[in-house]
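The structure under discussion appears below in the form of structure tokens.
The values are calculated or read from the model by the stated rules, or taken from the named source; none is laboratory data. Since this is a predicted model, take the numbers as computed values, not measurements. Note that each Cβ is placed from the backbone with ideal geometry, even for glycine, and that neighbours are counted across all protein chains shown.
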């Protein structure tokens, strides 16, 4: 999430940095991480489950021969949770599933006669096997299962596997497991990191290899997904979580500051940006962030993220503010202005947008908004959307041609094929046209 120097040059004079963005280049792939992941994937592909269990022991302290959680034990994980946490997870799962099912209902099969004797159609067919990675590091992201496992099941995926790493007590987080259970995971495993993704992709868990890998994770998980892409599909490349707020003089600096820190809390490299048409608001937000950091329990994370990757930019008018925001193309975008709908209509590049002072990214992060929080980062929103039910569906086309359709199409195919020099293509049409003249039946 960065401004390009060429775009800023075009807007020169219509903006001013109140807190400049970082000068350092965007984070790149760490060569050491890439090499380590490549080594691990090669070893696991060659040695199979023995290598998986060896890595699980060495990296995560898992020393049991079986990594699968039985369906019975998975269903019981909710019993270990505080009642309010269990109820919140049930609510988040229900809302996320509801939204995903509504999305699915708008993706409809169709068939149309394009010309007499030529019928073409499209069917939405779900991916058959999905592997979901559910991270549980410093912060167990409980709603991750809703967005990956649950949405895949809403799309009709027959088999969804879920992997989550063990914690310090050599057991998986019960809330993460309960979220996977609520979301409809068919099988669940206590297995983390590169070895989890490799086991699912290579078919080492008593299941056939998955067709798609989804879910967030650390740099090693992101690199493993990147290297496995092609063998399997992935949701999208992952980078540090991002937030941007577009606000005017009507916004509350306390809420804006809190929302910027709310995403900066994800990690010390998480960018947080404010674009505002009010310099007074911008300065107030900068001061308010410093005030809130004084007592924030996670200030050791959010503080460095804000200092090193945060920015505040004043824009001369609404048009400039929208151009700047479209250039940032943030993962999460909050709009807090006197005319939110006008900004919504004018913006094009964002992962998901949150409208008005009562909306906050955290509502989506925790599953309460129903929308998916697996979203493009690092400018990916300029060309890609986030994870949704449609990502698990393949729009497969078909066509049905009759004698009448052949009469209309064969000549055109012959002409194009002759120009291209593709004689075999032309012959497939010529033979059918000759069959027509012989009176062969359909």
Sole residue being at pLDDT 95 or above, within 24 Å of residue 177 (Cα to Cα) and not in a helix (DSSP H, G or I), chosen from 131, 121:
131
Considering region 234-261 alone, what residues qualify as being at pLDDT 95 or above and surrounded by fewer than 18 Cβ atoms within 10 Å (Cβ to Cβ)?
249, 250, 252, 254, 258
Given the structure, is residue 393 surrounded by 13 or more Cβ atoms within 10 Å (Cβ to Cβ) and in contact with a strand residue (DSSP E or B) (Cβ under 6 Å, 6 or more places away or on another chain)?
yes
For region 310-353, give me each residue that is assigned to a strand (DSSP E or B) and within 15 Å of residue 277 (Cα to Cα).
311, 312, 313, 314, 315, 334, 335, 336
Any chance residue 356 is in contact with a helix residue (DSSP H, G or I) (Cβ under 6 Å, 6 or more places away or on another chain), surrounded by fewer than 16 Cβ atoms within 10 Å (Cβ to Cβ) and either over 17 Å from residue 272 (Cα atoms) or in the same structural domain as residue 257 (by TED's automatic domain parsing) (or both):
yes
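Okay, residues lined up against (1) surrounded by 16 or more Cβ atoms within 10 Å (Cβ to Cβ); (2) closer than 30 Å to residue 309 by Cα:
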residue	(1), (2)
1	yes, yes
21	yes, yes
32	no, yes
50	no, no
58	no, no
91	no, no
What's the number of the only condition in (1) touching a helix residue (DSSP H, G or I) at 6+ places or on another chain (Cβ under 8 Å); (2) surrounded by fewer than 16 Cβ atoms within 10 Å (Cβ to Cβ); (3) part of a loop (DSSP other than H, G, I, E, B) that residue 270 fails to meet?
(2)
Would you point out the residue of region 76-89, among those that are part of a helix (DSSP H, G or I) and in contact (Cβ under 8 Å) with a residue 12 or more places away in the chain, that is surrounded by the most Cβ atoms within 10 Å (Cβ to Cβ)?
89
Name the residue, out of 205, 246, that is in contact with a helix residue (DSSP H, G or I) (Cβ under 8 Å, 6 or more places away or on another chain) and over 28 Å from residue 126 (Cα atoms).
246
Mind checking whether some residue in region 282-303 is surrounded by fewer than 20 Cβ atoms within 10 Å (Cβ to Cβ), at pLDDT 95 or above, over 21 Å from residue 359 (Cβ atoms) and touching a strand residue (DSSP E or B) at 6+ places or on another chain (Cβ under 9 Å)?
yes
